[in-house]
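Visitor: Here it is: the structure, laid out below.
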């Protein structure tokens, strides 16, 4: 029994044996908590300035719109430049913005339009940062450990989603808003330090793509000509738009379905985060991902959402949200791995940028839809809509993904020039 536990531990945390990824993972653990602290701090700041839920939604949309509109161009940049250098730029820029917002708050000069401007700039940074971070994981761990590394990274994100807001809420209640932004600014130093301490010799740099016309459209053509990529992104677009809108529907679910207020919302969020952690660890122990597994994950994700929507008591709803978290992280990790493993190295940045558009950039579209359903039809119907969307995604997977085969001739050989990046990685 002890040997089985040790084996499970080795398989679950295999990618952490790689020094570069271990450094990155440690830096991200600190930085992500700071990011979620700033997220809750920005929300409270908007409410403090306006006392308006509409303005809060608009600020959130302003931060995600750049990804929806400009995401594909961010993928081109990720393919054109060494990813480690890009991360130095994006992480430093985000840290400076957090410092600026904290300064505006502590000096008392902050106004709503300033929050809008900073939110949009954060979104523009994420246009580049997101596909770069996603594809840099492959450069750190290589193909053999990619599934494990992505699953552990997803687990870490969901733990930060619980820890960051908890710390942020305590700080708001005791010392005010400004420290949240300053702490987030400092937290970026952890990632910058990790990048600095990495060994360039242990990275697996991908040849960068030379500048050329039509690279954004080339990314679209490549995805459309590669069935497994196209259909995975269609699944993610449907599910990302209507199912992953938890920040919109869970407050309504807690307040209007169970009359449990902020404490109920916190309980549902923590339960989902705990389930996500377990799902991430389970996913990390898996050695492979297949289209069939992705389809099954989408199906159970949808079922879990419907169970939560129909839960008759708050206790059962909380337990159901653990199941939702478990299934959601497995689907997300498998989708990410599928896209990275099935993409040509020269196109991977653009493919992952489209993943960001489908998953993150869809928030300004799906949020209002789910919010409208939750407000006028009831929160249960908002959750149920997300569950049905996941089942639709699973149906598409069952119909299409099993037929998908990797298309290596989607682009003619030599259609895009590449540059050896081995000498360009810091």
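Bear in mind that the values in this text are calculations on the coordinates, not laboratory data. From a predicted model like this one, the values you see are computed outputs, not experimental measurements. Heads up, the Cβs are rebuilt from the backbone with ideal geometry, glycines too, and the neighbour counts pull from every protein chain shown.
Visitor: Gap in Å between the Cα centre of segment 108-134 and the Cα centre of segment 28-48?
Guide: 12
Visitor: Within segment 126-152, what residues put their amide N at less than 17 Å from the label point 7 Å along the Cα-to-Cβ vector of residue 204?
Guide: Inside the label zone: 133-152.
Visitor: On average, how much area does the Cα convex hull of segment 39-103 cover when viewed from any direction, in nm²?
Guide: Taking the Cα atoms of segment 39-103, their convex hull projects to 5.2 nm² on average.
Visitor: Assuming a ≥ b ≥ c are the square roots of the Cα gyration tensor eigenvalues, decide whether segment 1-118 counts as rounded (a/c under 1.5), prolate (otherwise, with a/b larger than b/c) or oblate.
Guide: It is prolate, given that a/c is not under 1.5 and a/b is the larger ratio.
Visitor: Ok, one more. Starting from one equal scatterer on each C-alpha and no solvent at all, send me the Debye-based log10 I(q)/I(0) for the chain at q = 0.09, 0.11 Å⁻¹, two decimals.
Guide: For the chain, the Cα-only Debye profile gives -0.54, -0.83.
Visitor: Another question, then. Could you work out the relative contact order of the chain, using alpha carbon pairs under 8 angstrom and six or more residues apart, expressed as a whole percent?
Guide: 28
Visitor: For segment 84-216, what are Rg and Dmax over the alpha carbons, in angstrom?
Guide: 17.6, 54
Visitor: Enumerate the whole-percent occupancy of each 10 Å bin, from 0 to the last occupied one, for all C-alpha pair distances of segment 153-277.
Guide: Computed distribution, short to long bins: 10, 21, 27, 26, 13, 2.
Visitor: What is the percent of Cα-Cα separations in segment 208-267 that go past 14 Å?
Guide: For segment 208-267, the fraction of Cα-Cα distances above 14 Å is 70 percent.
Visitor: Related question: Simple spin-label model, 7 Å along Cα-to-Cβ: residue 175 to residue 217 in nm?
Guide: 5.4
Visitor: What per residue convex hull volume, in Å³, comes out for segment 272-403 when only alpha-carbon positions are used?
Guide: 108
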